[in-house]
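Notes to accompany the following structure.
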Amino acid sequence: MTITTDNTTIIRHRSDLDDKTSDRTKLAAFAATIGAAKTSLRRDACGDWCITGLIGHISTDGATLYASLGCSSARAWTNAKRNLSFLTIHQDGDSEGVLRLDRPLPADQAETLRTTLRIRKARHMDEGALEALSIARQRSKFSPCYQAL
């Protein structure tokens, strides 16, 4: 995007635009679809939103979602491609690559994607479990929620 004012040209790149909130919204919805923890949605080094895992991440270009995967060996990458055969290969390297998500994923494929990228799973708790956790945190003196009885 180029803006010209008073004989000055300002070039703004995609990462500078205000559409990062729409990227975050799109990725947050996808994180809920695959059952990822809320903390897995974060900004990368460039300031763009992504869903991070231990060996890969999911990002967007505004229209399409991409899964980037960096494996420890060529054999691991081959196995990951086989497990994620429902995605389209966008870039294929020796031990890493980028896969494009072309369509909505059913629950079993979403689980496969989350486990292959090693994205942390969301923990769902009912009210009783949350109350028990809160009480346990108050009893531990190493917890920031500690209350002396």
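The values are calculated or read from the model by the stated rules, or taken from the named source; none is laboratory data. Quantities reported herein were computed from a predicted structural model and do not represent experimental measurements. Cβ coordinates were reconstructed from backbone atoms using ideal geometry, including for glycine residues, and neighbour counts include every protein chain displayed. For the accessible areas, the whole protein counts, side chains as well, though only heavy atoms, and no ligand, DNA or RNA atoms are used. Shrake-Rupley method; radii C 1.70, N 1.55, O 1.52, S 1.80 Å.
Scanning the range 16-25 for residues that are at pLDDT below 85, open to solvent by less than 60 Å² (accessible area, probe 1.4 Å) and among the acidic types (Asp, Glu) yields a single hit, Asp19.
Restricting attention to the range 26-55, the residues that are assigned to a loop (DSSP other than H, G, I, E, B) and open to solvent by less than 60 Å² (accessible area, probe 1.4 Å) total 6. Hey, can you tell me all the residues within the range 66-76 that are out of contact with any helix residue (DSSP H, G or I) (no Cβ under 6 Å at 6 or more places or on another chain) and in a strand (DSSP E or B)? Of everything in the range 66-76, those that are out of contact with any helix residue (DSSP H, G or I) (no Cβ under 6 Å at 6 or more places or on another chain) and in a strand (DSSP E or B) turn out to be Tyr66, Ala67, Ser68, Gly70.
Selection within the range 100-149: residues that are among the polar types (S, T, N, Q) and either in contact with a strand residue (DSSP E or B) (Cβ under 8 Å, 6 or more places away or on another chain) or open to solvent by 80 Å² or more (accessible area, probe 1.4 Å) (or both). The member of this set that is modelled with the highest pLDDT is Thr116. The residue that is surrounded by the most Cβ atoms within 10 Å (Cβ to Cβ), among those in the range 62-85 that are free of Cβ contacts under 8 Å to residues at least 24 places away in the same chain and of a type outside the set (Ser, Thr, Tyr), is Trp77. Scanning the range 86-123 for residues that are touching a Gly at 6+ places or on another chain (Cβ under 9 Å) and farther than 24 Å from Ala76 by Cβ yields Ala107, Ala122. Filtering the range 89-99 to residues that are open to solvent by 50 Å² or more (accessible area, probe 1.4 Å) and part of a strand (DSSP E or B) leaves Ile89, His90, Gln91, Asp92, Glu96.
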